[in-house]
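The values are calculated or read from the model by the stated rules, or taken from the named source; none is laboratory data. Not measured: the values here are computed from a predicted model. Cβ: placed from backbone, ideal geometry, glycine included. Neighbour counts: every protein chain shown. Heavy atoms of the whole protein, side chains included, go into the accessibility calculation; ligands, DNA and RNA do not. Shrake-Rupley method; radii C 1.70, N 1.55, O 1.52, S 1.80 Å.
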Amino acid sequence: MQTEGRKKAVAKYLAKLDSIKVWIPKGEREKYKMHAERCGKSLNALIVELLDSDIARSKEAEQNANNQR
């Protein structure tokens, strides 16, 4: 059972975060989770890292295309 102080701390922390839900094929979650663990990350951390990396690559490609004009 959580204390009132702990509940407030958790609520304050969660208020700083957005939540998204990802739909994946049945049975794939464990495969993704195991891959994240092999990378030394949580599934959430790996997903965020991959998305950030993809966004950075897209921005770089866009900048390169604009510089070639």
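Structural remarks
- Label point 7 Å beyond Cα of V10 along Cβ direction - residues of segment 39-67 with amide nitrogen under 13 Å: none
- Using alpha-carbon coordinates, inclination of helix 28-38 to the longest axis of the chain, degrees: 80
- Low-density loop cleavage sites - trypsin sites (Lys or Arg not before Pro) in segment 1-44, where at most 12 other Cβ are within 10 Å (DSSP): K16, K21, K26
- Working from label points 7 Å from Cα in the Cα-to-Cβ sense, the S19 to N66 distance is 3.6 nm.
- Loop-resident sites, the chain, for chymotrypsin sites (Phe, Trp or Tyr not before Pro), counting at most 10 other Cβ within 10 Å (DSSP): W23
- Accessible-area composition of the chain, carbon plus sulfur, in percent [1.4 Å probe]: 54
- Label selected from [x] 34, 20, 11; [y] 37, 8, 5; [z] 37, 14, 7, the criterion being semi-axes √(5λ) of the Cα gyration tensor in Å as computed here: [x]
- Aspartates and glutamates with Cα under 20 Å of K16, excluding same-chain neighbours fewer than 8 positions away: E4, E49, D52
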